[in-house]
Every structure is written in C-alpha cells, then in structure tokens.
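Worksheet: the structure to be examined is printed underneath.
The values are calculated or read from the model by the stated rules, or taken from the named source; none is laboratory data. The model shown is predicted, which means the values in this text are computed figures rather than measured ones. Please note that ligands, DNA and RNA were not included when accessible areas were found on the heavy atoms of the full protein model with its side chains. Shrake-Rupley method; radii C 1.70, N 1.55, O 1.52, S 1.80 Å.
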Amino acid sequence: MSEGLNELYQVSQAVLSVTRQMSVRDVLQVIVRSARSLVGARYAALGVPDQGDSFAEFVVDGISGAEWAAIGPLPRRHGMLAVLLNQGQPERLADIRKDPRFEGFPEAHPQMSHFLGVPVRDGDQVLGIIFAANKVSAAAGKSGFTERDEEILSLFAAHAAIALTNARLYERSRELSVMQERSRLARDLHDAVTQKLFSIRAHARAAAVLAAREPPDADRIRAEIEVVGELGAEAHAELRAVIDGLAPPDLEEGGLAESLRRYAVLVGGPHGVPVEFAAACLPPLSEQAEAALYRVAQEALHNALRHAGASRVRVSLATTTRSRTGRQVVLEVSDDGHGFAADAPSGGLGLDSMRERAASAGGRLTIRSNRKGTTVRMTVPGKASG
C-alpha cells in the first residue's frame, strides 16, 4: 500500500471509530486519541468552548490522570487557544514557545514545542479546536509537524465535526424522549390514581360523618368503609401498572412475548377490562425492535383502557414472511371502544410517539380507528442472521 493510500486508510479508520460513538464525551475522547495517532504526536487535546472565557469540555490524550490533575483548572481561552477559536484557521508552529502569541504553560504542564492546531467547524461556527504537540518522529532540530500532517488533521476535523454534531443531536433527542416519558407518566399517574384518591377521601369523610351521628348507622358506615377498601385496592393496582411502565422489563431475560403478556394482565385488571393475549413463535429481534414493540403496546393499551371506553382489548404478536424482506414480527392491539376522529388532537393519545418508536426500529405503524374500535398495527423486521 502506498504512503498516500495508507494515510487515507488511517483517516478512514479513525472516522469510523468516531462515528461508532453516541455520547458527546465518548466522541470527544475518540477524536483526541485518533488525532494524536494520525499525526504521530506525543500529546493531543480537544477543547469545546463555553459561553464565557473558558471551555465546556477539554479532553486530552498522552497525559496521565495524575499529570492532568496536577495541571489544575481547565485552561482559559487565551494565547494560541484563543487564536484558533477566534480566527478559525489551522496553526502549525515549529516551537510554540517562540511565538509572540504564546502566553506560557501552567507550572505542572508538560513542555511542548512542535504545535499543530486546527478548528472543528460546522459551517461558519467553530465547535472546538484540536491540537497536537511534540511530533514523536521529528529529528533533533527539525520543524516537527509537516504540511501533510496539517492536511490530514484538517480532513479528520471536518469528519469529526459531523460526528460531534450528530452526537449532540442524539443526546438532545434522548433528553426530549425522557421529558416526553415523564409527561406521559405524570398523565398516567393523574388518570390512574388521583381520581381514586379523591373518591377514597370522599367516602372516608362520609363514614366519619355517619360515625358521629347518634346513633351511628353501622350498616352504612360498613358500606362506606368497604368502598374505601375497594378503591384503595384499585388505586394500588393501577399504581403498580404505572410503576411497571417506568421502564421496560428485562426483555432479554423474560422475553418480549412473556413480558407483554404480564403487562397486559397487570394493566387490564384495575379497569375490569379483559385483555386477551396471543403470541406466535417469534424470530430473533434486535434489542431496539423489542423495546419499541413493548413501548408501542404500552401506549396502545393505555389509550384503549383509559380513553376508548373499551369493553374488550386484544394484544397479539405474530410473524409474517415476505420474499424481499424476510420474516417480520407484527404487533396488533385492538379494542371495541368508540375510536377517535382522524383529525382529533393526537398529543394525549401518544400517536406521534408510537410512530417515532416504530421508525427508530426500522418498522412501520398503521392505525385504523372508527366508531366500532381501534387497531394499532406495528411491523418490524426480524434480526438478520449471521
């Protein structure tokens, strides 16, 4: 392999390593490690500026934890770091210490001479800076980093910018999903428990009033207390169902079908609505597909039991085979409730959330609703063999 092709191969491998990461912190760490390796540096670092005069993130490679702790607080945006951020252009120096823009190192900072810094850009915005120091292969008295090193690091920084932006978007989407989940759980708690607790208080007060009469009405007091007991049991059962919905169970341990069966029985009991469940032998599914199927089934059951006024609900898991796409798993949640209009607000029904979950797993969601009931159908591909 020629030297040029070998360099491109190394850049390609570095880019692949970065794009496999999902969290911002992991992306930053892999970028720094890859940058140091690509240009043969003793040290490398990546700084992401904050809104002030410092850095929100500053990740290093080539420095031990003890050395990093001894250096002290994160650097301020001054000296050559400020130059890179403000001008947004690469800087390559034979000895950073001799540059008039250099403002010195902290006492415990390693001594650096050769310097190569490039911006990480998203269009006109500078997301951060990558810099490498002390070319390992440079001979005594040589200039250190080469023009080719600068080209390679600049190319890598362009790909790193995409990976960093994607990681940020992924984390924000996860935060949004958490907020939406909290909203759903708050709604569930209100629907499932608040009304029951209000009724419990009302019947308890009625029993207290009856007990204060002369003579007390023992039969009516007993009846009110029995109602309190029944409502308390219902509230407890519904609260258990909501708590169970905080996170999917260990689907790998219990299996998707068994986990859904248990949830269907649990959530149907407090409403007095029988939930039928049927499942075929399923092909292997990815973890993401199993979690999406479970969550969509939860949301569909929630709608059927709390909003549709259904007297019967059925959940099924089946398989189908298509010549082009192979085996697929089909989830159906159907009820005989009053349905909803096509132009009805979907926020309270979680329809957008269900569609997003299906799409995230490479699946498809269809919803059919009329005055005779609603059917939610989700299809996902089986896990590819091999």
For the stretch 87-127, what is the accessible area per residue in Å², given a 1.4 Å probe and the full set of protein chains? 57
Between PHE277 and residues 5 or more places away or on another chain, which pairs have amide H atoms under 5 Å apart, with H built 1.01 Å from N, and which residues are they? VAL315
If THR366, THR375 are ordered by their accessible area, calculated over protein heavy atoms with a 1.4 Å probe, which sequence runs from highest to lowest? THR366, THR375
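Let a ≥ b ≥ c be the square roots of the eigenvalues of the Cα gyration tensor of the stretch 26-145; is it rounded (a/c under 1.5), or, if not, prolate (a/b larger than b/c) or oblate?
Working: a/c = 1.30, a/b = 1.21, b/c = 1.07.
Verdict is rounded for the stretch 26-145.
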